[in-house]
Structure formats: structure tokens, C-alpha cells
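Trainee: This is the structure I have questions about; it appears just below.
Any read-out appearing in this document is the output of simple, stated calculations on the displayed coordinates, not a laboratory observation. In this text, all values refer to a predicted model and were calculated from it rather than measured experimentally. We place every Cβ from the backbone using ideal geometry, glycine too, and count neighbours over all the protein chains shown.
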Amino acid sequence: MESKIEQSIDKIDEYIANCKFVTLSSSKIIVNKEEIDELIRELRQATPDEIKRYQKIISNRDKILNNAREKAEALINEATVQTNQLVNEHEIMTQAYAKANEVVSIATRQAQDILDSATIEANNVKAAAIQYTDDLLANLENIITHATQLAGGNYQELIANLNSCNGIVKANRAELHPTEDDGLESLEIETGESEETEGPDLI
């Protein structure tokens, strides 16, 4: 199932593909400013929702690690209880210590295995979510950049809107690859509304 961002990108692609070329030009097209503004507005509204959805996927990493820690602590506590029970039996004191050490050793190894597996799984979930989001944003960035390059100097308002949206995309991509891993940070962007005017524009 396509995400809202992908659907918005498809609409922009389809709209641009269906626009007529300017007479005697193979690079400039005629667009309706009201329609392109509406498509850009939909894209702006979809971007925060998608970012929040993938941020939620990334946050599951903490839940996976917490569950792993709880299981590890439960194993160690169980091993400790068994150790205390064995130690209290004086007639098998020596065997109790040996058995207790073995139980604790096994429990520790199992706990470490659980933590290692959980860490790998959590990192894979995080990496996949970041990569998928980054791919979406990269595709969006390419489309906006391409649309900006097609725009002429007479349409500064449209260019400003596209550049504003492109800046938001680049900022979000940068937040996906922080220089320091200081935990999972919220991915927040600010969106704005562009003014609507009637009549077709020429790019």
C-alpha cells in the first residue's frame, strides 16, 4: 500500500506529465497555478504524518531492548533463587555452590544472547525505517529540484514555495543521519500555506 507521500508524488508526476508544452519549446510547460499549489499543499500535509509513522517504527527499538532486559533480569533472578535454595541445604553445600555457579553462568549467557539478538533486531528495524523514509524524501527532493529547474524567472512565488518544501525535505533527511547518537529524537517539520491565485502559469 502506497504511503501518502508516494501518492502525492505520483499525483505531481502525473500532473507534470500531462501538462502541455509551450509552443516551439520542448522544456517549458504550461501549468495551472491553482492546481499545482493544491498538489504541493497535499504533499506538505502528508509529509509530517509519514515522518511520525516511521518515527513510531524507530521508537519500537526501545521497546524491544526493554523487553530483552526484562527477560534477562528474570533469568538472573530465577538463577539467584535457585542458588539460595541450593546453598541452604548444608548436606550438599559443595554441590550447591557448583550448581549455583553453573546456573548463573547459563542464565548470564542466555541473557546476553537475548540482549544481542534484541539489539540486532532493533537496529535492523531502525535502519530499515530510516532507509525507507530517506528513499521517499530523496525521491521527493529530486522531483522538487526538477520542477524548480523548469520554473522561469517570472514565477518567483512558485519557485519560493518549491524551495521552501525542498528545504524541509533536506532538513528531515539530515535528521535521519545525526552526527551523534543521542537517542531517538523527534522528527519535526514546520509547514506553511501558499497563497492561491487563479489562472495558468508558464514554466
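Trainee: Restricting things to Cα coordinates, could you compute the convex hull volume per residue of the stretch 1-47 in Å³?
Mentor: 68
Trainee: Using a Förster distance of 22 Å, how high is the FRET efficiency between A138 and K4, based on the Cβ-Cβ distance and rounded to 0.05? Walk me through the numbers on the way to the answer.
Mentor: On the way: r = 17 Å, r/R0 = 0.76.
In this case the efficiency is close to 0.85.
Trainee: Put a dot 7 Å past each Cα toward the Cβ at E102 and V81; how far apart are the dots in nm?
Mentor: 2.1
Trainee: Test of understanding: what is the full-extension gain from M93 to R109, defined as 0.36 nm times their sequence separation minus their Cα-Cα distance?
Mentor: Difference between extended and current length: 3.3 nm.
Trainee: Using the Kirkwood radius over C-alpha pairs as Rh, can you work out the diffusion coefficient of the stretch 5-87 via Stokes-Einstein at 20 °C, viscosity 1.002 mPa s, in µm² per second?
Mentor: 120
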